[in-house]
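Below is one structure; the comments refer to it alone.
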Amino acid sequence: MKLILNTEYNLYEHDGEAYCDSLQVADEFRKQHKNVLQTIENLDCGEEFRRLNFKPSDYKNAQNKKQPRYLITKDGFMFLVMGFTGKKAALIKELYIKRFNQMDNFIKSLFTARMEYPELTDAIKSAHAEPKHYHFSNENNMLYRVALGMDAKAFREKNGIEAGCVIRPYLSTQQITVVERLQKFDAGLIDAGFDYEVRKRLLENYRDKIMRKLEQAQ
């Protein structure tokens, strides 16, 4: 199960769903991890609910040894912490519910961007009699430079992401929104026949408009 940690919300994403883990629960609620594991294993819930919302996993401790943990969905989290009482516990519950909701919105935006990427791909294919690999990579990197101020390679290096990994899952919600809108706009510019430098200038102008609207909405 390949997980990606979204540092903006401190939650994991896998296959379109958000997760926290039992280590986070132990840390936030000031409990020993072994006790959280035991609580999860003793929960009075149906087996299907357990299977869907508590995923057995592992992590490496300070001694580089594998240790058990659980990955927990929003529904699983709510079921697990239902019995955690006190004012501080209530505040943590509120925080995590907000994080899960924000992460859900982020994931929806991410999938929207992925779904719209074929529009740009089709536009590039139509613009070249014999499309080459660099036509796609150059366009993609130009979009990232306009949206993020750096290309995908530089973003990976800056954020310690493995070479070759797709960077979209590591972007913030705002960055995803900007990239998503620029992609759609760029596909139209390519179809209209604008050359690279003109597209870049128009995209930069459009990015500035997007950023102003996002700032005004905050």
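Residues that are assigned to a helix (DSSP H, G or I) and free of Cβ contacts under 8 Å to residues at least 60 places away in the same chain within the range 167-182 comprise R168, Q174, Q175, V178, R181, L182, listed in sequence order.
If you take just the helices (runs of 4 or more DSSP H) that sit entirely in the range 47-141, which of them hold at least 2 residues that are among the aliphatic types (A, V, I, L, M)? Lay out the reasoning, then the answer.
Numbers: elements: 47-53, 74-81, 87-127.
Correct list: 74-81, 87-127.
Filtering the range 8-28 to residues that are over 15 Å from G76 (Cβ atoms) and free of Cβ contacts under 8 Å to residues at least 12 places away in the same chain leaves D15, D27. Looking at the range 32-63 only, could you name the residues that are within 27 Å of the chain's Cα centre (by Cα) and either farther than 21 Å from F100 by Cβ or of a type in the set (A, V, I, L, M) (or both)? V36, L37, I40, L52, D58, K60, N61, A62, listed by residue number. Restricting to the range 11-42, and then to whatever is in contact with a strand residue (DSSP E or B) (Cβ under 8 Å, 6 or more places away or on another chain) and not in a helix (DSSP H, G or I), can you tell me which residue is modelled with the lowest pLDDT? Residue satisfying both the conditions and the ranking: H14. Annotation note: of L91, L95, L37, the sole residue that is more than 30 Å from V166 (Cα to Cα), of a type in the set (A, V, I, L, M, F, W, C) and loosely packed, with under 14 Cβ neighbours inside 10 Å is L91. In the range 130-137, is there at least one residue being surrounded by 18 or more Cβ atoms within 10 Å (Cβ to Cβ) and either without any contact (Cβ under 8 Å) to a residue 12 or more places away in the chain or under 30 Å from N101 (Cα atoms) (or both)? No; the residues of the range 130-137 include none that is surrounded by 18 or more Cβ atoms within 10 Å (Cβ to Cβ) and either without any contact (Cβ under 8 Å) to a residue 12 or more places away in the chain or under 30 Å from N101 (Cα atoms) (or both). With respect to (1) surrounded by fewer than 12 Cβ atoms within 10 Å (Cβ to Cβ); (2) of a type in the set (D, E, K, R); (3) more than 22 Å from L95 (Cα to Cα), the lone exception for R30 is condition (3).
Return the total of residues in the range 39-82 being among the aliphatic types (A, V, I, L, M) and on the phi > 0 side of the Ramachandran plot. Matching residues across the range 39-82 total 0. Every condition in (1) modelled with pLDDT of 85 or more; (2) more than 27 Å from L11 (Cα to Cα); (3) not acidic (D, E) holds for P118 except the one numbered (1).
Test R51 against the criterion of being buried (at least 17 other Cβ atoms within 10 Å of the Cβ) and among the basic types (K, R), and give yes or no. For R51, the condition - buried (at least 17 other Cβ atoms within 10 Å of the Cβ) and among the basic types (K, R) - is not met. For N105, the criteria (1) crowded, with 18+ Cβ neighbours inside 10 Å; (2) closer than 30 Å to C20 by Cα hold in every case but one, which is (1).
The values are calculated or read from the model by the stated rules, or taken from the named source; none is laboratory data. Keep in mind that what you see is a predicted model, and the values were worked out from it rather than measured. Virtual Cβ from ideal backbone geometry, glycine too; neighbours counted across all protein chains shown.
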